[in-house]
Every structure is written in structure tokens, then in C-alpha cells.
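Written out below as C-alpha cells is the structure these notes cover.
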Amino acid sequence: MITKENYAKEIKKYQPKPKLFKNCLKAFIVGGLICVVGQALSVMYIELFGFTEKSAGNPTVTTLILISALLTGFGVYDRLGQFAGAGSAVPVTGFANSITSAALEHKSEGIVLGVATNMFKLAGSVIVFGTISAYLVGMIRYLVQQFL
Amino acid sequence: MKTGKQSWMYNQGVFVQASAAVTGPKEYQGPLGQTFDYSYENLHCDEKNWESAERALLKKSVDICMSKTNIREDAIDLFISGDLLNQNVSSNYVAREIPSSFLCVFGACSTSMEGLAIGASLIDSGNCKNVLASTSSHYSTAERQFRYPTEYGGQKPDTATSTVTGAGTILINGEASDIQVEGATIGKVIDYGMSDPLDMGSAMAPAAADTIVQHMKDFGRKPEDYDLILTGDLSSVGTPIVKKMTEQSGYDIEGVHRDCGLMIYHSNQQVFSGGSGCACSAVVTYGYILQQLKKNNLKKVLIIATGALLSPTVVQQKETIPCIAHAVVLKRADA
């Protein structure tokens, strides 16, 4: 007997279960492949353009962001995201997608109040927590170095 | 006339004169594609932005509906419309081009039957002669308002639904025609504590079940009295729940029930658990169902449009999702 009180429990059998293992596997493979592309770009910048291992990081990330922004504009990245989940959301390409997609979405309201105001709508939380956690980890590292 | 607790019977006779269903490209590719009056070839509906696209759909459905009758635009006493966007903008902006009184309604995805029930009631009471009732929804405007930007690569669960891009309009008055609007049951707001906006089938099923059971009690009917009991957008998640809930109240709808959200797309169209949105019940009913009634393939149907009355802001404030369902009986006048 389904009642208001036991509703959430009773209807569990009708709700499709998230395919955890399959989703994890897809995320692992796609996320890994994005990293392979990043590594290949890094090697290219070192071998062909004379960057060092350390300085190749910036052009590599920039290139990945450009690719992700283009794929978002062409309507490909959202489909990749549905397939790969965290695999395409966690790398820097996912961050770029969140910014580009918000910018595209709000284009109709103008450059300033539309695109500029809204483009960090989704990415804002990543920036906030990224900055806070970088600060905290930096402080911990500093304190550990002082006392050890 | 009031019938039972929550129902109205239109004793004076309210009849359907014309209707129109307009959709986007994905709906055209679905199983009911050929039953729509017009389908745009692109999601932008040849407009600059998504919001204008939704207005274009709504306007087109009004125009097509009007073109099917010889009733002139200035003979329309009342235009009733509603949609999903803030301030019901699609309806309000389309209404400025229609030279008649206007009532704007919001019932989320239950708007189609809410508008029809109110319109029929006003004709039955003699306050209006000709009423035009419309509703619209658009995949991308709904995504933007309720979820994320359309190109955002977030992963949705299988319980999610896909908003139907489309608009439906119906023209009713008191002059006899093939199809009669017999009565309506107005739903209560029901909240069973579900809070996941990506699982609206589970949230809306209790509201649908409540309205169906109330309808049967108010009219003293059984599910077998109908050729079809059609819910709006419960999807593959809510459908088995509503069957179970009505069955435990003593009304087994298994044999006669279908859901618009499961009829409008093929299962391989990547719509998760089915279609949703105001247009879901509207384009299926005002297209396919009315055509079937006209052809005498169906004699009497009960349409229950289901709405999740959620706001993204309030849901983020940890509130649950209130839901509602309104039912309207459509039947062949000779049945």
C-alpha cells in the first residue's frame, strides 16, 4: 500500500537505478582520454615549439580550453557530457564548457548584461572553492614547512 | 454544474470547433509526427532566440486553429493561455496580438486542461461564446529556466524527462459539433515529499492518481467507461506508480491508460524517461486524440494533464515539489 508516509520507499522499484559501475567506467575512459590528448599536446609543445616541461603547461591548458569551447559551440560537448559524466566534467575542458555554454545561452540578452554577467554562473562555484581550497592547502603546507 | 466534490459537468453543451498542434523537429520525428498540423524544421523555429521561438510556436498554433473555422478573430470572447516561463511571457506576448479578452493561467504542465476546463465553464455559464485556449513549451527555454544552459555537459539521470517543443490551441463554443467537452475535475495541490527536479514522474504521480480517483467518484464512473485515460507527462517512472495508486483505491486503469510523455517520442530518441512540458499533453490531445475522436476510433476519453509546480529557487531552498493534475472529459457528441 503506497501512502504519503512511505511513498519515497515504496516507489523505489519504479525508479531506474543509476548505473554506477558503467558510469564510473565511462567517466574513467573518457576522462583518461582527455588527459592523453593533454599529454600529447604537452609533448608537442616541448618537442616542436621549444617549451620546457614546466612552461608547456600553459599552452596545453589553453589549447584544451579552445577545443572544449569549440566543441560546446558545435553542440558536441553536452552529448559527450551525458555519456561520460564526471569524465568530461572534471578536467579543465568541463570548466571551459560550463563557461562557454552559459555565455552562449545568455547571448540573447546582450554582451554586457547577458554574456559577461552570466558566463561564470556555473563556473563561479568552481572558482570560489578552488581559491579557498588553494589558500587552505597553501597555508597548511607553509605551516608544516615551518614546524618540520 | 457542480458534480460531486471537485468536478464540473457542462450541461449546456460545450463543443470543440477546431484545434491545432504545432511542434519542433524532434516531435515530428516521433511516432505521432504525422498528426501535427505543423512542425518547425529547427529548434530555433526560424527565430533569433529560444524565447521568440516559443512565441512563434504558440502564435502558429493560434493561427492554424483560427484558419480551420469561419469564426472571425473579433468573435473570440476570451483567450486563455499559459506556459512555463517566468511571468508567463510566451502567452502574454502572443496575447498582445489577439484582439480579445485574455486570462493568463499557470498550472505548469497541467495548463492545457486547466485552460480548457475554465474556458468550457465560461461557455457553459453563458459568460463567453467563443473561447480559445492555448499553451506552449520549448525544450531550450525550459532547460534554461529550470536546469542548465542547453550546451552544458552535465549528466542527467534516467528519471529525467525531456521538455516537448510545441504549442497546442483549441477553439470551443456552444454550437454542436462532433466532439463535446463533457466535464472536468479540478485537482488539488498534492505534495508527497519528492524534491528531485530531475524525477518529476515520481513527484506528479500522486496528484494524477488523486484527480483520477476523485473524478471517478464525482461522476460515479469506472475506468472502463472510458476508451482511454490519458495522463500528461508522467513518463516511464510515474506511469507504473499512478496505475498502482489508482488500483489500490479501487480503480484499475491498467487496460485503458496511456501517457502522452510516452507516446510522443520513440524510445531511441534519447529523451530519458519520456516527454514533459505544457505542450506534451496539448499537442497529443489537440492533434492525435481529437483526430481519433473525429474518426470514431475513440468515443470517450479522460485527459489528465499533470503539472509539477516547482521553482528552481525554492527547490534549492530544500523545499519539496507540489504537484497538480486537472482532468477533462472529451467525447463524441453522439456517444
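What are the residues in region B:165-213 that are among the hydroxyl-bearing types (Ser, Thr, Tyr) and either surrounded by fewer than 24 Cβ atoms within 10 Å (Cβ to Cβ) or farther than 28 Å from residue B:58 by Cβ (or both), if any? Full working, then the answer.
First, the residues of region B:165-213 that are among the hydroxyl-bearing types (Ser, Thr, Tyr): B:165, B:169, B:177, B:185, B:192, B:195, B:202, B:211.
Matches in region B:165-213: B:177, B:192, B:195, B:202.
I'm trying to understand the selection: among the residues of region A:54-77, which are crowded, with 20+ Cβ neighbours inside 10 Å and within 13 Å of the chain's Cα centre (by Cα)? Step through it out loud before you land on a result.
Residues of region A:54-77 crowded, with 20+ Cβ neighbours inside 10 Å: A:60, A:64, A:68, A:71-72, A:77.
Of everything in region A:54-77, those that are crowded, with 20+ Cβ neighbours inside 10 Å and within 13 Å of the chain's Cα centre (by Cα) turn out to be A:64, A:68, A:72, A:77.
Show the residue pairs meeting these rules: Cβ distance below 8 Å; 6+ apart or different chains; first residue within region A:123-144 and modelled with pLDDT under 95; second residue surrounded by 10 or more Cβ atoms within 10 Å (Cβ to Cβ).
Within 8 Å, the pairs are A:123/A:95; A:123/A:98; A:123/A:99; A:123/A:102; A:126/A:95; A:126/A:98; A:127/A:120.
Within region B:114-143, can you find the residues that are in contact with a Leu (Cβ under 7 Å, 6 or more places away or on another chain), polar (S, T, N, Q) and either over 22 Å from residue B:93 (Cα atoms) or part of a helix (DSSP H, G or I) (or both)?
Those that are in contact with a Leu (Cβ under 7 Å, 6 or more places away or on another chain), polar (S, T, N, Q) and either over 22 Å from residue B:93 (Cα atoms) or part of a helix (DSSP H, G or I) (or both): B:140, B:141.
For residues that are under 30 Å from residue B:40 (Cβ atoms), of a type outside the set (A, V, I, L, M, F, W, C) and at pLDDT 95 or above, tally how many sit in region B:174-198. Walk me through it before giving the result.
Step one: list which residues in region B:174-198 are under 30 Å from residue B:40 (Cβ atoms), which gives B:177-179, B:181, B:197-198.
Of the ones still in play, those that are also of a type outside the set (A, V, I, L, M, F, W, C) are B:177-178, B:197.
Filter once more, keeping what is at pLDDT 95 or above: B:177-178.
Matching residues across region B:174-198 total 2.
Yes or no, residue by residue, for (1) more than 30 Å from residue A:102 (Cβ to Cβ); (2) at pLDDT below 95:
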position	(1), (2)
B:120	yes, no
B:136	no, no
B:152	no, yes
B:155	no, yes
B:158	no, yes
B:164	no, no
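Could you go through region B:127-142 and let me know if any residue there is within 11 Å of chain A (Cβ to nearest Cβ), over 19 Å from residue B:324 (Cα atoms) and under 19 Å from the mean Cα position of the chain (by Cα).
Pass one, region B:127-142, residues within 11 Å of chain A (Cβ to nearest Cβ): B:140-141.
Narrowing further to those that are over 19 Å from residue B:324 (Cα atoms): B:140-141.
Next cut, under 19 Å from the mean Cα position of the chain (by Cα) only: B:140-141.
Yes, some residue in region B:127-142 is within 11 Å of chain A (Cβ to nearest Cβ), over 19 Å from residue B:324 (Cα atoms) and under 19 Å from the mean Cα position of the chain (by Cα).
The values are calculated or read from the model by the stated rules, or taken from the named source; none is laboratory data. Source: prediction; values computed, not measured. In this analysis, Cβ positions are derived from the backbone assuming ideal geometry, glycine residues included, and neighbour counts consider all displayed protein chains.
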